[in-house]
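Reviewing the structure listed below.
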Amino acid sequence: MVIMKTGDNNMTERKRIRKRIKVRNQSTGHDNTHTDSCEPIPETVEAVKERLGEIFFGCSDFLHREVSCGKNGLIKILVAYIDGFVDKKVLNRDVIHPVLDFLSNTELHVGSSIYELLKECVIVNNDIKEANDMQQAVDNIISGEALLFIDGENKALVIGVKAPQGRQVEEPDTEASLRGAREGFVENLLTNTVLIRKRIKNPNLKLEMMRLGKQTKTDICICYIKGIANDKIVSEVRKRLRKIKTDAILDTGIIEQYISDIRLSLFPTVGNTEKCDKLVAKLLEGRVAILCDGTPYVLTVPYLFIESIQATDDYYDHAYFATFMRLLRLTALLISNILPGMYVALVSFHHTVIPFKLMITLAASRQGIPFSPFTEAILMIIAFEFLREAGVRMPRSIGQALSIVGAIVLGEASVAAGIASNLMVIIVAITAICSFIVPPLIRATMLLRFVFLAAANFLGFLGVTLVAVAVFIHLCRLRSFGVPYMAPISPLTLSDIKDSFVLVPIWAMVTRPRILWQKNVSRRKGTNGQEAKAKS
Amino acid sequence: MGKVRISSIQLFLLLSGFLFGSTVILAPAKGAKNDAWLAILIGGACGVLLMGVYAAIALLNPSKTLVDILEEKLGKVAGTIVAILYVWYFIHLASLVFRDFGEFICSVTFPEMPMVVVIGLFAAVLLYAVNSGIEVVGRLSELLVPLIPVIMLIISLSLFTVHDFTAFLPILENGITPVLKTALSFITFPFGETVAFLMLFPHLNQKEKLKNVVLISAIVSTLMQVLIFFRDISVLGSGLMDRATFIPHLTSLIIPEFNIEPLVDINLLIGGGIKISVCLYAASRALCQIAGINDYRNLTGAISTFCVVLSIWVHESVLDLFSWTEKVWSYYSLPFQVFVPLLLLLLSLKKSKPSNAGTANEK
Amino acid sequence: MLIVLAVFAVLIISDFLRFIRNKEPAKVFVIYTCLMATSLSISLLLAAGRRPSSPAQWIEAVFKMIGVLE
Amino acid sequence: MYGKIKKRSGIVRIAFLLMILLLLTGCWNNRDLTEINIVAGIGLDRTEDGKVLLTVQVVEPAAIQTVSSGKGKGGGAQPKPVFVESFEGETVFEAIRGILSIVDKRLFFSTAQVLILGERLLQKGMVEVLDFFQRENDINYGMNILVAKGVTPGEILEIENDMDSIPAVYIKETAENTVSRGTVKKTTLIDLIKDIDSGERQPAIGQITKAGDKEIRTEGVAVIKDEKLAGWLDPYETRGYMFAIGEVKSAIVNIPVDKGKIAMEIIRSKGKAKVRFENGEPSTLTIKVEVEANVGAYEGRGRLDSQDDLSILKEILKNEIKKEITQALEKAQKEYSSDIFGFGSYVHKYHPEYWKKVKKDWNDIFSKLPADIQVDVKVMRTGIIKSPVKKDE
C-alpha cells in the first residue's frame, strides 16, 4: 500500500533529495536554492575570529590559529578546528607548513586570488571543499573538519584532516558466529562505509548521506545497491527518514522506532546487525541499509519475520544442516512462546490429555505447592527475567557469580522449599534456553509469553489457540516498508521458500527474494554494475 | 485505500477453509448413515456445479460484487431488497457457525463455561481479523488452513490400527431416498454457503484462475469429506456415529494410548474462523455498499456483536440447533444459494452476449 | 445484566469515538445504532431470562405456512 | 494517513475488549491437578435392591512417588499408594457425585485403567449403566473392561501387591499379558459400545477372578446375550474363540506327539468368520483361520529333521486348533445361543435384505446352523536346534 502511494512522485522526489544532500555536504557555493542561512562569512579574519569566538563561547575544545604572513605580514589566515577531531600532524604537514612556505616565498601578483592559489596549488590535502556562509562553516567545524579563512574572502576552505577515531574493527559481541568474517561495524560511519565498500566493489553501491537531529546533527547514510534494491523502498526510506523530527539521534535504535510501519507492534519490522558480511548479504538481496554515525548497529529494511531465524552461518554451511537448524530455531521460537502457557493449560484444564503415568508424576510434583500453576509460572518466569536482566547489566566478572546464585536459587532451593515444582523449573529453563535461540524476537517473546500464560489460565488450550490466532493475524497485517511481514509464507512466494524455513544449497539459490522486487531477480545475470544499470 | 488483492492460492485456501468450516465437528451427511459417502459424492458433484454457477456469475460480471450485480440485474429497488436479505443470510450463517463453535467447546472442553464468553472471545479475535481487511484474512489462511489437513492426517494415521474397513457396508440398506435427501442438505451445507464468496471474487488478482480455484477446492473438500467419513465410520461404527453429538471429535477420542482432542479444537477454530470471517466481511461489505458507506470497517463491530447475540438467541438448545439445521436449513437456504444465483446467471448470460464480457475486462 | 451493559458500553463508545474522529457520514451512525440497539435489547432480554421467539422459529413457521415443511 | 490511526486504535480496542472479557471470565473449569482425585480403576455392580454400587480406586500421587523412587527411608509407616471407596446410588452419575460426600476431591475418570463389571450387574443388564461412560466428556474410550467372576468388583480393586504400586495398573497389565496369550479377550469401552449398538455381534468380555489373597487371574471370557450375562468360556474355549475372530497374537499350543508333547508357538494368526448362503438362506457358518507357528519346545523324543516331520506337526496342530474352535463355537451355539463371533455382522454387511428379516431372531438361527471350520497351518522354523536330544538311539 505504501509503495503504491509513494511510487508516483518518485522521480521528482529523488531529484529533490539529491539536491539537498549535495547542498548540505559538498556545497559548491554556486547554488541559489540554498537559503539555509543568510549570514555571510565576514571578510576580515578579525571579524571571523570574533564571530567564531561568540559561537563557540565556552567550548574549550575549539582551537584556532591565526597566521599572518606574506611579505609584509599583511595576509592573515585563520585555521579553525575542534581539538581532537583533527589530526594535527597532518594539518601541520599538509596545510600550515605549505601555506606558510608559499606565502613567505612567493611574490603575489596584483589581482591574483590567494584563495584560488591556496586551494589549487598549495594545500596538499586532497579533500577540500568550500563553505560559503557562517552556518556551513560552523557545521563543518563541528563535524571535525579544519576551516581555513583568508583575509578578504567571504568563503572558507574546508579541509578534511579528520583523525582516525574510535576503536578498531573487531569481532562483534552480540552476533557470534562459528564461521564467516569476524569484522563488525564500529562507531565511525566512515570506517563502516569503507567496510561495506571493500566487499562490494561496484559503483552501483550507493551511499546517500543525510544529517538528522536538530542538536546532534548525526550523519546518517542510506546504503543500497542500485538496480538490485527496489527504488520504491529506497525512496520510502528517504521519505520516512526525512519525516523524523527530533533533536537527537543517538543510535539507530531511535531511527528504528521512528520508521517502523506499525509503531506499537511487538515484532521488529526493522532489522539491525553489527556484522559486516551479514549486511552485505542483505544489500545483495535488495535490502536497504541505514547507517548512523556513532553506533555499530546498522539497520536493514525491509525486515521480514523469516529473517529472525536466519543466521549468517547458514549460508556458509551445508544445506541439510542449515535447514535443520532453521526448523530447530522455529521450534524454539514456538516453544519459548507457548510452553509455560501450554503447561498451565495442561495442568489446570486438560487433564484428559495427560497420559496416566505422566499424570501421576505431575500430580506428585505439584503436591504441596501453595501456588496455582499460573502463579507459580509467573513467579518463576519473572525470577528468571530478573536474573537475565541482572546478567546483562552486571560487569561480566560478576555475571558468573550471578548465574551460580540463579541456578541454586531457582533450581534447587525453591524446589526444596516447596515453592516451585520440579517440573516448573524444567519448563522455565527450557523456555529460557529456547528464547535465547532467536535473539531478534527475544523481546516480543518475553511479553507474549505472559499473554499466552494468562490466556491459558483462563481458557486452557482454547485461550492459547485464540491468542496464537490473534498473533498470527497481527503478523499477517504487519508490513515492513510495504512488504508483507510473513512473506514468503504468506503471501506464498514459491521462489522465495528456498531461503525461508528451509534452505537450499547456495548454488541453487539463483534468484534474489522476489517479494522485495520483481525486477532483476537473477543472481547470475547483471552482477556487473554496468549491465545492471542498463537493465534498470 | 487502494485495491485489495488476493491471490489464487489464498482464495483456494479461503474456500477450502470455508468448506471445512464447522464440518470439522459436524459430519454433514450424517443423515444417510452408512451411505453417507454416496451422499457426499452426489452432493459434492452438485456442489461443484453450484460453485461453478457462482464462479460463472463472477466471471460474467467482472469486478462487481454481489450487491452490484443484484442492483444491476434486478433493478435498484428489488436488487436492494434481495441484497438486504443476503446480508441477513450471511449474518445468520455466521451466527450459526458461532453457535456450533460455542456448543462444541461447552459440551466437550469447558462444560462450566458460559457459552457467550467462548463465542464473545472468538468473535473479538475474528473482528480483529476482519477489520484488518480481507487481504490479511487471505494471508492468514495461508498460514493456518494447511494445518487442517495436517491435523486430520495425524488423527487418521493414529487411528490406523483400530480401523474396521468394511464398516460402511451394506450399501443402500435403506434405499436411495435418504441418500438423496442428505445429498441435498450436503449441497446447502457447506457448498451452497460459498455464495458469500460472491462478495470476495472481485478481489481475485488472476481472474482466469477463478474457475480452476473453485473447482479444485470443491473437489478437494469433497474428497476430504469422504475420507473423513470413512475414517469415522470405520472407527465408530454406524450405531455410535448416529448417536454422537460431534462425530469427528468422538473419533479423535478413540485414538489408543494418547489423547489429541485439543487438535480438533484447533481445526474448528481455523475452519470456523475462516468461515465466520468471510461471512462477516461479506455481510458488512454488502451492507455498506447498500447504504453507500465507503469503509466496511465501520459496521463490522456492530455486525459481529449482532452475530454473537443472534447466535445465543437463535436456538434454545443444542438439539434445537441440530434438528433445525437438519430440517429447515436446506429449504431456507435454497433461494439464497440456488434460485437467486441461477436467476442472476441467466440474466447475466442474456445481457452479456453481445458485449462478450471476458476475463480481460479488468485492468 | 451489568456485564452486558458494560461490554456494550465499551463497544459503542469506542466505535463512536472512532466515527467522530474519522468524520463518518450520518448514515453510519444510524445503521450502527440500529444494529447495536437491537443487539442490546435482545441481549438484555436474554440476560433477564426472557428469550423472545427467535428468527429460526419465524423461519420455520413461514415454511410451515407455505407448506414446504409439514 | 488515516490507516495509521486506525491500525493503532484497532489493536488497542481489541486488546481492551479481550481484557475486559478475560477479566469478566472467572476461572471456569480451571482445576489444578492437586484438586482432583485420579481414578485408576472403576468397579460397577448392583446391590441386592437394584441400586448401582460404584467402587473407585484412587491414586495418591505423592505416595506413589515415594514408593517408586525409594524415598521412604527406613521402613516407617509408608503412605498407601491408593485408596478404594464405594458408594451406592440410583444411577451411576448419582453415585459418582455422591461419592464426593466421602472423598475430599472431585473424581477424575479419564485415567481409569480398568472398568470392572460385577456379575450381578450383568445379570440385570448393563446398557443403562454404560450410558454415563459414553456421555461424560472425560472418559477414556479405550479403557479396558473386565467382568469379575465369583467376586465383586470391589474385592478385586482392593487387592494390593508388590508388583505394581497401583493395583489397577497391575490388573490392566496382567490382562494384557493374557490377551497376548489368547486366553482372554481384550474389550475396550468403545468395542463394547459398538457391539451393543450394532446388535450384529454379541459382546464377549474378558473375565477376572481372584487367585489367592494378593493376585488376580484373567482368563476366559464372559458371554453376553442381549446385554445380559449368558455364561462363561474357559481359557481353551476362549482361545478357540480368539482364533476364530483372528485376535490371537501369540499363543502357546501344546500338541501331543508319540513320545511327549510339543509346545507350538503361534506367531501370527488370522481368522475370519463368514456365513455361506444358499438360495438366499444361510447354510453354513464358515470359520477360516490361518496360523503361522514355530516349534517352541519339544518335550519328548522324536525326530525333527525334515519337511515331513513338520508336516506331521502341522496336521496335529491344525486339529488341535480346530478342536478348540469347535468347542467354543458349540458352546456359543448350543449352550448360550449367542453370536459372539460376529457372523451377524457379516450377514448384515453382505446380505442386508435377509438381515432385515431375521435381525431379531438371529441368535436362534445362528445356533442351528452347521459349521465349517478350516484351519491352515504353516510351521516355518524350529528355533536354534532341530531335533531334540536323542536318547534311545
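Being modelled with pLDDT under 90, open to solvent by less than 10 Å² (accessible area, probe 1.4 Å), touching a helix residue (DSSP H, G or I) at 6+ places or on another chain (Cβ under 8 Å) and within 14 Å of chain D (Cβ to nearest Cβ): is that true of B:THR245 here?
Working: modelled with pLDDT under 90: yes; open to solvent by less than 10 Å² (accessible area, probe 1.4 Å): no; touching a helix residue (DSSP H, G or I) at 6+ places or on another chain (Cβ under 8 Å): yes; within 14 Å of chain D (Cβ to nearest Cβ): yes.
For B:THR245, the condition - modelled with pLDDT under 90, open to solvent by less than 10 Å² (accessible area, probe 1.4 Å), touching a helix residue (DSSP H, G or I) at 6+ places or on another chain (Cβ under 8 Å) and within 14 Å of chain D (Cβ to nearest Cβ) - is not met.
Which one of B:GLU257, B:GLU326, B:GLU261 is farther than 26 Å from C:LEU17 by Cβ, over 22 Å from the mean Cα position of the chain (by Cα) and open to solvent by 30 Å² or more (accessible area, probe 1.4 Å)?
Details: B:GLU326 fails: over 22 Å from the mean Cα position of the chain (by Cα); B:GLU261 fails: open to solvent by 30 Å² or more (accessible area, probe 1.4 Å).
Just a single option satisfies the conditions, and that option is B:GLU257.
Identify, from the list B:PHE186, B:PHE191, B:PHE229, the residue that is within 29 Å of D:ILE193 (Cβ to Cβ), touching a Gly at 6+ places or on another chain (Cβ under 6 Å) and crowded, with 23+ Cβ neighbours inside 10 Å. Don't jump to the end; show me each part of the working.
Working: B:PHE191 fails: within 29 Å of D:ILE193 (Cβ to Cβ); B:PHE229 fails: touching a Gly at 6+ places or on another chain (Cβ under 6 Å).
Only one candidate passes the filter, namely B:PHE186.
What are the residues in the stretch A:241-284 that are within 14 Å of chain D (Cβ to nearest Cβ), open to solvent by 10 Å² or more (accessible area, probe 1.4 Å) and either in contact (Cβ under 8 Å) with a residue 24 or more places away in the chain or in a loop (DSSP other than H, G, I, E, B) (or both), if any?
Answer for the stretch A:241-284, where residues must be within 14 Å of chain D (Cβ to nearest Cβ), open to solvent by 10 Å² or more (accessible area, probe 1.4 Å) and either in contact (Cβ under 8 Å) with a residue 24 or more places away in the chain or in a loop (DSSP other than H, G, I, E, B) (or both): A:SER260, A:ASP261, A:ILE262, A:ARG263, A:LEU264, A:SER265, A:LEU266, A:PHE267.
In the list A:ILE473, A:ILE430, which residue meets the criterion of being under 24 Å from A:LEU264 (Cα atoms) and either open to solvent by less than 40 Å² (accessible area, probe 1.4 Å) or touching a residue at least 24 places away in the same chain (Cβ under 8 Å) (or both)?
Details: A:ILE430 fails: under 24 Å from A:LEU264 (Cα atoms).
Checking each option against the conditions leaves just A:ILE473.
Output the qualifying pairs, or none if there are none: Cβ atoms under 8 angstrom, residues six or more apart or on different chains, first residue in the stretch D:192-214 and facing chain B (nearest Cβ under 9 Å) and within 15 Å of D:ALA230 (Cβ to Cβ), second residue in a loop (DSSP other than H, G, I, E, B) and β-branched (Val, Ile, Thr).
Sorted first by the residue in the stretch D:192-214, then by its partner, the list stays empty.
Could you list, in sequence order, all residues of the stretch C:41-70 that are open to solvent by 40 Å² or more (accessible area, probe 1.4 Å) and in a helix (DSSP H, G or I)? Walk me through it before giving the result.
Residues of the stretch C:41-70 open to solvent by 40 Å² or more (accessible area, probe 1.4 Å): C:41, C:44-51, C:53, C:57-58, C:61-62, C:64-68, C:70.
Once the filter is applied, which keeps residues that are open to solvent by 40 Å² or more (accessible area, probe 1.4 Å) and in a helix (DSSP H, G or I), the stretch C:41-70 yields C:SER41, C:LEU44, C:LEU45, C:LEU46, C:ALA47, C:GLN57, C:TRP58, C:ALA61, C:VAL62, C:LYS64, C:MET65, C:ILE66.
Could you go through the stretch D:301-322 and let me know if any residue there is in the same structural domain as D:SER269 (by TED's automatic domain parsing), within 30 Å of D:LYS390 (Cβ to Cβ) and under 24 Å from the mean Cα position of the chain (by Cα). It would help to see each step written out before you state the result.
Within the stretch D:301-322, the first condition is being in the same structural domain as D:SER269 (by TED's automatic domain parsing), and the residues that meet it are D:301-322.
Checking the rest, the ones that are also within 30 Å of D:LYS390 (Cβ to Cβ) come to D:301-321.
Now narrow it down to the ones that are under 24 Å from the mean Cα position of the chain (by Cα): D:321.
Within the stretch D:301-322 (the criterion being in the same structural domain as D:SER269 (by TED's automatic domain parsing), within 30 Å of D:LYS390 (Cβ to Cβ) and under 24 Å from the mean Cα position of the chain (by Cα)), the answer is yes, since at least one residue qualifies.
When you check B:ILE171 against the structure, is it part of a loop (DSSP other than H, G, I, E, B), open to solvent by 10 Å² or more (accessible area, probe 1.4 Å) and of a type outside the set (Lys, Arg), yes or no?
Details: part of a loop (DSSP other than H, G, I, E, B): yes; open to solvent by 10 Å² or more (accessible area, probe 1.4 Å): yes; of a type outside the set (Lys, Arg): yes.
It is true that B:ILE171 is part of a loop (DSSP other than H, G, I, E, B), open to solvent by 10 Å² or more (accessible area, probe 1.4 Å) and of a type outside the set (Lys, Arg).
Residues that are open to solvent by 40 Å² or more (accessible area, probe 1.4 Å) and touching a residue at least 24 places away in the same chain (Cβ under 8 Å): which strands (runs of 3 or more DSSP E) entirely in the stretch A:98-167 hold 1 or more of them? Even if it seems obvious, please write down each step before you answer.
On the way: elements: A:128-131, A:146-150, A:156-159.
Qualifying strands (runs of 3 or more DSSP E): A:128-131.
With A:LYS217, A:LYS198, A:LYS206 as the choices, which residue is in contact with a Phe, Trp or Tyr (Cβ under 9 Å, 6 or more places away or on another chain) and within 24 Å of A:GLY144 (Cβ to Cβ)?
Details: A:LYS217 fails: in contact with a Phe, Trp or Tyr (Cβ under 9 Å, 6 or more places away or on another chain); A:LYS198 fails: in contact with a Phe, Trp or Tyr (Cβ under 9 Å, 6 or more places away or on another chain).
After applying the criteria, what remains is A:LYS206.
Condition (residue is within 13 Å of chain A (Cβ to nearest Cβ) and part of a helix (DSSP H, G or I)) applied to the stretch B:85-101: is it met by at least one residue? I'd like the intermediate steps shown before the answer.
Looking only at the stretch B:85-101, we keep the residues that are within 13 Å of chain A (Cβ to nearest Cβ), and these are B:101.
Narrowing further to those that are part of a helix (DSSP H, G or I): B:101.
Yes; the residues of the stretch B:85-101 include at least one that is within 13 Å of chain A (Cβ to nearest Cβ) and part of a helix (DSSP H, G or I).
Just the residues that are closer than 16 Å to D:ASN29 by Cα and in contact with a Ser or Thr (Cβ under 8 Å, 6 or more places away or on another chain), please, taken from the stretch B:115-127. So that I can check it myself, show each step before the final result.
Initial filter on the stretch B:115-127 (closer than 16 Å to D:ASN29 by Cα): B:115-118.
Once the filter is applied, which keeps residues that are closer than 16 Å to D:ASN29 by Cα and in contact with a Ser or Thr (Cβ under 8 Å, 6 or more places away or on another chain), the stretch B:115-127 yields only B:VAL117.
Per-residue answers, yes or no, for (1) closer than 23 Å to B:GLY43 by Cα; (2) free of Cβ contacts under 8 Å to residues at least 60 places away in the same chain; (3) within 11 Å of chain D (Cβ to nearest Cβ):
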{"residue": "B:ASN205", "(1), (2), (3)": "no, no, no"}
{"residue": "B:LEU210", "(1), (2), (3)": "yes, no, no"}
{"residue": "B:VAL213", "(1), (2), (3)": "yes, no, no"}
{"residue": "B:ILE216", "(1), (2), (3)": "yes, no, no"}
{"residue": "B:SER221", "(1), (2), (3)": "yes, no, no"}
{"residue": "B:VAL226", "(1), (2), (3)": "yes, no, no"}
{"residue": "B:PHE229", "(1), (2), (3)": "yes, no, no"}
{"residue": "B:SER238", "(1), (2), (3)": "yes, no, yes"}
{"residue": "B:MET241", "(1), (2), (3)": "yes, no, yes"}
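Return yes or no: is B:GLY79 open to solvent by less than 30 Å² (accessible area, probe 1.4 Å), touching a Ser or Thr at 6+ places or on another chain (Cβ under 7 Å), outside any loop (DSSP other than H, G, I, E, B) and away from chain A (no Cβ under 14 Å)? Lay out the reasoning, then the answer.
Values: open to solvent by less than 30 Å² (accessible area, probe 1.4 Å): yes; touching a Ser or Thr at 6+ places or on another chain (Cβ under 7 Å): no; outside any loop (DSSP other than H, G, I, E, B): yes; away from chain A (no Cβ under 14 Å): yes.
The answer is no for B:GLY79.
Out of all the residues in the stretch D:342-365, is one or more outside the structural domain of D:ALA222 (by TED's automatic domain parsing) and on the phi > 0 side of the Ramachandran plot? Working first, answer last.
At the first step, the residues of the stretch D:342-365 found to be outside the structural domain of D:ALA222 (by TED's automatic domain parsing) are D:342-365.
Now restrict to residues that are on the phi > 0 side of the Ramachandran plot: D:342.
Yes, there is a match, as at least one residue in the stretch D:342-365 is outside the structural domain of D:ALA222 (by TED's automatic domain parsing) and on the phi > 0 side of the Ramachandran plot.
Against the definition (in the same structural domain as A:SER435 (by TED's automatic domain parsing) and touching a Leu at 6+ places or on another chain (Cβ under 7 Å)), how does A:VAL392 come out, yes or no?
Working: in the same structural domain as A:SER435 (by TED's automatic domain parsing): yes; touching a Leu at 6+ places or on another chain (Cβ under 7 Å): no.
So A:VAL392 fails the test.
Would you confirm whether any residue within the stretch B:284-298 is at pLDDT below 90, open to solvent by 20 Å² or more (accessible area, probe 1.4 Å), within 14 Å of chain D (Cβ to nearest Cβ) and in a helix (DSSP H, G or I)?
There is at least one residue in the stretch B:284-298 that is at pLDDT below 90, open to solvent by 20 Å² or more (accessible area, probe 1.4 Å), within 14 Å of chain D (Cβ to nearest Cβ) and in a helix (DSSP H, G or I).
Each row is one residue, and each column tells you yes or no for (1) within 14 Å of chain A (Cβ to nearest Cβ); (2) of a type outside the set (Ser, Thr, Tyr); (3) in a loop (DSSP other than H, G, I, E, B).
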{"site": "D:VAL103", "(1), (2), (3)": "no, yes, yes"}
{"site": "D:THR111", "(1), (2), (3)": "yes, no, yes"}
{"site": "D:ILE116", "(1), (2), (3)": "no, yes, no"}
{"site": "D:LEU122", "(1), (2), (3)": "no, yes, no"}
{"site": "D:GLU128", "(1), (2), (3)": "no, yes, no"}
{"site": "D:PHE133", "(1), (2), (3)": "yes, yes, no"}
{"site": "D:ASP138", "(1), (2), (3)": "yes, yes, yes"}
{"site": "D:TYR141", "(1), (2), (3)": "yes, no, yes"}
{"site": "D:ILE145", "(1), (2), (3)": "no, yes, no"}
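Please go through the stretch C:23-40 and give me each residue that is crowded, with 17+ Cβ neighbours inside 10 Å and more than 7 Å from chain B (Cβ to nearest Cβ), ordered by number.
If we filter the stretch C:23-40 for residues that are crowded, with 17+ Cβ neighbours inside 10 Å, which is where we start, we get C:24, C:28, C:31-32, C:35-36, C:39-40.
Once the filter is applied, which keeps residues that are crowded, with 17+ Cβ neighbours inside 10 Å and more than 7 Å from chain B (Cβ to nearest Cβ), the stretch C:23-40 yields only C:LEU40.
Show me the strands (runs of 3 or more DSSP E) found entirely inside the stretch D:209-269 where at least 3 residues are open to solvent by less than 40 Å² (accessible area, probe 1.4 Å).
On the way: elements: D:215-217, D:221-225, D:228-233, D:251-257.
Of the strands (runs of 3 or more DSSP E) lying wholly inside the stretch D:209-269, those with at least 3 residues that are open to solvent by less than 40 Å² (accessible area, probe 1.4 Å) span D:221-225, D:228-233, D:251-257.
Out of curiosity, is B:LEU147 within 14 Å of chain A (Cβ to nearest Cβ), within 19 Å of the chain's Cα centre (by Cα) and open to solvent by less than 40 Å² (accessible area, probe 1.4 Å)?
Values: within 14 Å of chain A (Cβ to nearest Cβ): yes; within 19 Å of the chain's Cα centre (by Cα): yes; open to solvent by less than 40 Å² (accessible area, probe 1.4 Å): no.
No: the conditions fail for B:LEU147.
The values are calculated or read from the model by the stated rules, or taken from the named source; none is laboratory data. Since this is a predicted model, take the numbers as computed values, not measurements. All Cβ positions, glycine included, derive from the backbone under ideal geometry; neighbour counts span all protein chains shown. Remember, those area values only see protein heavy atoms, side chains included, never the ligands or the DNA or RNA. Shrake-Rupley method; radii C 1.70, N 1.55, O 1.52, S 1.80 Å.
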